[in-house]
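First comes the structure, then the notes that go with it.
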Amino acid sequence: MDATTSGTPTVQYHNIPDQPITAIVAAPVSAFLRQVRHCFGDSTPGEFPLAANPSIVLHATCSFFRQPANFAPDYELSISELAALDMCQRRAIFKPMTDEERQSLKHRCGGSWKLVLRFLLAGEACCRREKSQAIAGPGHSIAVTSSGAVYSFGSNSSGQLGHGNTEEDWRPQQIRSLQGIRIIQAAAGAGRTMLISDAGRVYAFGKDSFGEAEYGVQGTKLVTTPQPVESLKDIFVVQAAIGNFFTAVLSREGRVYTFSWGKDSKLGHKTEPNDVEPQPLLGALENIPVVQIAAGYCYLLCLACQPSGMSVYSVGCGLGGKLGHGSRTDEKYPRLIEQFQLLNLQPMVVAAGAWHAAVVGRDGRVCTWGWGRYGCLGHGNEECESVPKVVEALSDVKAVHVATGDYTTFVVSDDGDVYSFGCGESASLGHNTAGEGQQGNRHANVLSPELVMSLKQVNERVVQISLTNSIYWNAHTFALTESGKLYAFGAGDKGQLGIELANNQTERGNPERVDIDLN
């Protein structure tokens, strides 16, 4: 069928000259002329600066959709900085800060809201801030629910349970005097307890002393109900750590303060009992924000957040190589542990045992160092390591959490499995090798990481482990699951497991559910 038959008009071609292809390609193309627009609030013509001033656009967008922008227009913020600032404003410790305090934190973190956000998120991740948690203290225990309620149980000779008396109790009891106060962090030492509220206030009870927790000066009186620590009222505290000879607290700006640390020459070996005023930790960390602190017997670890990445500093007694610097020398001021750079490992969580330490890296590797007695370093022997060493037996495990005690270490993987190694005293490792109707050797020391099968059998994903970090008390262990269930095992002679034991029992070899819902 042709065009005539179909009724479609024919196309007429009129004098179109033939041109070589080179002439067509070489023909100049006229430049595209961009239309000139007026700036907002400015009579000078120019392009609309969307990328240069996104906060203005965001405000206009929020106004159009009748949603608050929650911050003043800022001509210098990029889209990513705006997003970071918005996420910062959702964090509990950031919300109450004044504009001046926020700018000061921004400057301290490196001048970027993205760095501030990284600082805040790192602190929440390693400390379970604003989440449920359980603390296996020396002889007594503390449990904090996700809503901020606090339960305590166990030894109470110094009023460390906070119930207004000194009576021992194995049953978890809520601390009623804290009603109306939301607690987000807890720390337990021998005979005393410290709690931190979402308003940054610190409440302490038990022995009326910040140092000499185990022996020596024990304070002039007992405090049996939570009392605010007046010397800390001007510091917004987010974490506390109790060592044997000192107490340390961390402010929301990432500054570290210590009590009873003593003079520089003493390094915490002999504390001054009247030193109840917080003293800033001087030296390298004065201008570097810290996201986590961990206290050992006579030393302190600090996880720092710098623009270049995460790092660990240590200070105090170097016996056993637990400071991680390749020697057993004491350090008067915080010193960077350089080995992590050599291992190409970004530390994300630190743990300080009585005589050894551990770190989990961003890539899931675990490093341990210090005194290796009973195999607590997990390297298959009992040798000391004076610098961090990767636990090769965990090379197929991606770790997310680590906890250390007195020659004991626990590691939690990203899928909720738990591995433990070290001293098996008090059955606190959870390795009950007994068969049906047999006693078994649940007190055996473990030189290399072993999967805790007794926790695997509860069919719950474990997110936190806490164990006793004291050389003077029998150890017990808590395992907190993702659903808020708490399991306990180990020594229970003072009621610290939160479980009623038979008359002839002093410990529990297998994990047993504690009657508290922490979610």
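The values are calculated or read from the model by the stated rules, or taken from the named source; none is laboratory data. Bear in mind the structure is a predicted one, so any value in this text is a computation, not a measurement. Positions of Cβ are backbone-derived with ideal geometry, glycine not excepted, and every protein chain shown enters the neighbour counts. For accessibility, only protein heavy atoms count, side chains too; no ligands or nucleic acids. Shrake-Rupley method; radii C 1.70, N 1.55, O 1.52, S 1.80 Å.
Let's test the formula: R0 of 22 Å, r as the Cβ-Cβ distance of Ala284 and Leu342. What FRET efficiency results, to the nearest 0.05?
Once the sixth-power term is evaluated, E becomes 0.75.
Could you give the distance between the Cα centres of segment 177-203 and segment 450-480, to the whole Å?
23
So for each of 299-306, 106-113 I average, over its residues, the number of other beta carbons within 10 Å; can you give me the resulting order with the highest mean first?
299-306, 106-113
Kirkwood hydrodynamic radius, computed over distinct alpha-carbon pairs, for segment 78-125: how many Å, to one decimal?
Final number for the Kirkwood radius of segment 78-125 is 10.5 Å.
Report in % the part of the accessible area of segment 78-125 that belongs to carbon and sulfur, leaving out ligands and nucleic acids; probe 1.4 Å.
Carbon plus sulfur share of accessible area: 55 percent.
Note down the relative contact order for segment 78-125 as a percent, whole number, built from C-alpha pairs under 8 angstrom at least six residues apart.
Across segment 78-125, relative contact order equals 43 percent.
Taking 0.36 nm per residue of sequence separation and subtracting the Cα-Cα distance, how much length would be gained by fully extending the chain between Ser147 and Glu392, in nm to one decimal?
84.3 nm
Calculate the spin-label point distance for Leu451 paired with Asp363, positioning each point 7 Å from the Cα along the beta-carbon direction, and give it in nanometres.
Result: 2.4 nm between the two label points.
Just to confirm my numbers, what's the Cα centroid distance between segment 104-144 and segment 499-519 in Å?
29
Leaving out ligands and nucleic acids, and using a 1.4 Å probe, what accessible area per residue does segment 78-125 come to in Å²?
Solvent-accessible surface per residue comes out at 48 Å².
So, with a 1.4 angstrom probe, what is the percent of accessible area on segment 220-260 that is carbon and sulfur?
46
Can you flag which of Lys398/Lys485; Lys106/Lys131; Lys207/Lys322; Lys114/Lys207 are past 30 Å Cα-Cα?
Among Lys398/Lys485; Lys106/Lys131; Lys207/Lys322; Lys114/Lys207, the Cα-Cα distance tops 30 Å for Lys114/Lys207.
So for the pair Thr225, Met87, with labels modelled 7 Å out along Cα→Cβ, what separation do we get in nm?
That separation, rounded to one decimal, is 4.3 nm.
Take each of the peptides 507-519, 410-422, average the number of other beta-carbon atoms within 10 Å over its residues, and list them starting from the highest.
Final packing ranking: 410-422, 507-519.
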